[in-house]
């Protein structure tokens with residue numbers, strides 16, 4: 001079985017084996033296809049389009065567009081850039097790849113346990129083929145979905161992926177398109193979903209040629225932290241929207257991804273109605289249909305709950321879920337005591353913020369944010385299902401955006417961290433792990449890139465300047481110690497050390513994560529849809545202790561007691577139901593003395609229609 005997503009732009013091999021080239025270049029008077037040995041003029045169409053169908057090209061041939069008889073530029077809808085962002089594009093016929101798992105339909109969202117990874121640093125090889133060799137390991141861990149950091153072709157040889165400039169072309173540094181498809185096919189054959197992180201809020205700073213022939217792609221009406229804003233709401237914005245909507249459909253249909261995570265959508269500036277996010281969500285739902293489980297997940301600092309509503313059948317109307325930064329920030333402050341930057345919003349009462357996340361989704365639901373100078377942030381989320389909120393203790397941002405890429409185990413006391421893990425991994429919201437955290441990886445995850453010299457200098461100095469407001473980096477000498485993102489060593493230091501898993505300490509953490517995820521699979525996942533929206537409640541038992549109750553259908557309930565403190569905690573009444581998990585070494589105090597030991601957690605489940613392990 002083969003899959004092809006047909007697009008109104010780019011290079012496409014037609015049924016008669018001709019190749020149709022199509023480019024939107026409203027700023028150009030003439031465009032030709034450059035096949036290296038021959039220049040073929042394209043036909044000018046209405047609306048700034050240029051098109052040519054020719055038998056002189058075929059799958060595998062290299063091409064560029066010659067604009068105004070000037071230098072050649074790559075195809076902005078290129079399916080592959082074998083020589084990088086400044087080189088020619090390659091004609092790809094996706095029908096050549098034969099999928100083995102053509103009957104794969106995905107998995108329900110409630111079963112989701114995400115594992116975020118960066119292909120280049122996940123394995124020594126740093127390739128799709130290398131990642132494919134780790135699929136069985138992830139299944140044994142208890143993962144049900146891999147989330148790949150962005151793959152769009154980026155400048156240089158190494159990058160996080162958020163500086164991509166060819167959204168349709170998976171980077172050649174990890175392998176060819178068919179290698180990526182083979183990785184996804186293998187994952188599907190073993191009942192594992194694969195998600196992709198996509199970036200629709202900006203293009204990277206090097207290798208984007210759109211301004212040469214399509215300046216209408218950008219707007220001066222809005223500004224982003226990364227430069228020119230993409231035109232989602234001005235003249236010709238319908239063509240810009242189509243470019244990104246087709247991109248989402250392309251990954252879901254042609255590559256059979258099970259879901260997309262949309263990066264920083266709060267930086268997609270759009271004053272139109274309906275906005276781009278609404279149109280994208282509606283289009284995906286209508287196009288993919290009901291025969292597959294397809295999940296769309298947002299990263300949205302605005303906590304815009306209205307994108308997350310479900311229909312009467314508990315299906316996502318637009319977006320399935322959102323990364324819940326509030327949950328991370330509350331637990332992070334609780335176990336580290338950090339209060340710099342955005343952690344300021346949670347430092348007043350981290351337990352209260354955590355309780356709200358566990359029972360209502362967002363901590364900030366229209367509340368005043370001190371970090372944002374008194375502005376209100378968020379929308380009410382209490383009536384949403386808790387499965388809408390993806391929770392995590394680590395991810396690429398929360399590790400990699402630290403000056404030295406430290407993981408949480410370097411920042412928090414082990415006893416507190418284990419409490420946080422037991423709360424997070426068994427709560428009724430889908431968890432996301434960041435690669436290596438399950439065995440307490442000793443390697444950092446640093447910010448790395450590979451730009452041309454002038455831009456590299458600006459990025460290095462800019463990153464170090466970002467940390468100047470922190471007391472730790474108030475001197476030039478201290479800031480100079482921050483790793484240079486463009487240094488190859490910064491990239492190599494970020495690769496996971498898989499040999500460390502054999503170390504008893506790292507093996508202990510791996511067992512802990514595996515046990516927790518197994519408990520989740522057996523006791524939590526079957527009841528995710530039974531958690532009643534808007535009914536959960538929490539109570540602070542002490543400054544560092546909490547009880548939470550989630551009512552379930554059929555008079556059931558899931559309950560949590562968590563003690564992040566160093567004192568024995570009296571509990572006047574134990575929750576009803578069976579004890580399904582506890583970190584307490586001795587359960588006698590819990591059952592007979594009704595007290596919770598320091599740094600411990602207890603989970604209870606009462607459900608009349610299921611056997612509880």
Next on the checklist: I'm trying to understand the selection: among the residues of the stretch 512-548, which are assigned to a loop (DSSP other than H, G, I, E, B) and touching a helix residue (DSSP H, G or I) at 6+ places or on another chain (Cβ under 6 Å)?
Outcome noted: 536
Checklist entry - Among (1) within 30 Å of the chain's Cα centre (by Cα); (2) without any contact (Cβ under 8 Å) to a residue 40 or more places away in the chain; (3) surrounded by 15 or more Cβ atoms within 10 Å (Cβ to Cβ), which single condition is residue 531 missing? => result (2)
Checklist entry - Where in the stretch 186-292 are there strands (runs of 3 or more DSSP E), lying wholly inside it, with at least 3 residues that are under 18 Å from the mean Cα position of the chain (by Cα) and either closer than 25 Å to residue 153 by Cβ or modelled with pLDDT under 95 (or both)? => result 193-198, 259-262
Checklist entry - Only one of (1) over 30 Å from residue 28 (Cβ atoms); (2) touching a helix residue (DSSP H, G or I) at 6+ places or on another chain (Cβ under 6 Å); (3) surrounded by fewer than 23 Cβ atoms within 10 Å (Cβ to Cβ) is not met by residue 191, so which one is it? => result (2)
Next on the checklist: So, in the stretch 596-608, exactly how many residues are modelled with pLDDT under 90 and surrounded by 13 or more Cβ atoms within 10 Å (Cβ to Cβ)?
Outcome noted: 1
Next on the checklist: With the structure loaded, tell me whether residue 420 is over 18 Å from the mean Cα position of the chain (by Cα) and part of a helix (DSSP H, G or I) or whether it fails that test.
Outcome noted: yes
Checklist entry - So which residues in the stretch 32-58 are in a loop (DSSP other than H, G, I, E, B) and surrounded by fewer than 15 Cβ atoms within 10 Å (Cβ to Cβ), if there are any at all? => result 36, 37, 38, 45, 55, 56, 58
Checklist entry - Do we have residue 466 as within 15 Å of residue 400 (Cα to Cα) and assigned to a helix (DSSP H, G or I) here? => result yes
Checklist outcome for this item: Within the stretch 62-76, the residues that are within 27 Å of residue 181 (Cα to Cα) and free of Cβ contacts under 8 Å to residues at least 40 places away in the same chain are 62, 64
Next on the checklist: For the stretch 123-137, check the following and say yes or no: at least one residue is buried (at least 24 other Cβ atoms within 10 Å of the Cβ) and either within 30 Å of residue 529 (Cβ to Cβ) or in contact with a strand residue (DSSP E or B) (Cβ under 8 Å, 6 or more places away or on another chain) (or both).
Outcome noted: yes
Checklist entry - With respect to the numbered conditions (1) closer than 22 Å to residue 252 by Cα; (2) modelled with pLDDT of 95 or more; (3) loosely packed, with under 15 Cβ neighbours inside 10 Å, which one is the sole condition not fulfilled by residue 76? => result (3)
Checklist entry - Under the condition of being under 19 Å from residue 400 (Cβ atoms) and in contact (Cβ under 8 Å) with a residue 40 or more places away in the chain, which residue from the stretch 487-511 is surrounded by the fewest Cβ atoms within 10 Å (Cβ to Cβ)? => result 488
Next on the checklist: Just to check your reading of the model, which residue among 572, 499 is farther than 27 Å from residue 427 by Cβ and either over 26 Å from the mean Cα position of the chain (by Cα) or assigned to a loop (DSSP other than H, G, I, E, B) (or both)?
Outcome noted: 499
Item to check | Qualifying residues in the stretch 447-471 (those that are in contact (Cβ under 8 Å) with a residue 60 or more places away in the chain and surrounded by fewer than 15 Cβ atoms within 10 Å (Cβ to Cβ)) - the one nearest to residue 84 (Cα to Cα) | outcome: 452
Item to check | Cβ pairs under 7 Å, 6+ apart, first in the stretch 591-605 and over 18 Å from residue 418 (Cα atoms), second in a helix (DSSP H, G or I) | outcome: 595/589; 605/523
Checklist entry - In the stretch 588-601, is there at least one residue being within 21 Å of residue 522 (Cα to Cα), out of contact with any helix residue (DSSP H, G or I) (no Cβ under 8 Å at 6 or more places or on another chain), in a strand (DSSP E or B) and not assigned by TED's automatic domain parsing to the domain that holds residue 333? => result no
Checklist entry - residue 162: part of a loop (DSSP other than H, G, I, E, B) and closer than 20 Å to residue 254 by Cα, yes or no? => result no
Checklist entry - Conditions: (1) over 26 Å from residue 542 (Cα atoms); (2) at pLDDT below 95. Residue 307 meets all but one. Number of the miss? => result (2)
Checklist entry - For residue 406, all conditions in the list (1) within 21 Å of residue 487 (Cβ to Cβ); (2) touching a strand residue (DSSP E or B) at 6+ places or on another chain (Cβ under 8 Å) hold save one; what is the number of the exception? => result (2)
Item to check | Scan of the stretch 324-371 for residues that are touching a strand residue (DSSP E or B) at 6+ places or on another chain (Cβ under 7 Å), at negative phi and free of Cβ contacts under 8 Å to residues at least 60 places away in the same chain, ordered by number | outcome: 345, 367, 368, 369
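The values are calculated or read from the model by the stated rules, or taken from the named source; none is laboratory data. For clarity, every value in this text was computed on a predicted model and none was experimentally measured. All Cβ positions, even for glycine, are placed from backbone atoms using ideal geometry, and neighbour counts span all protein chains on display.
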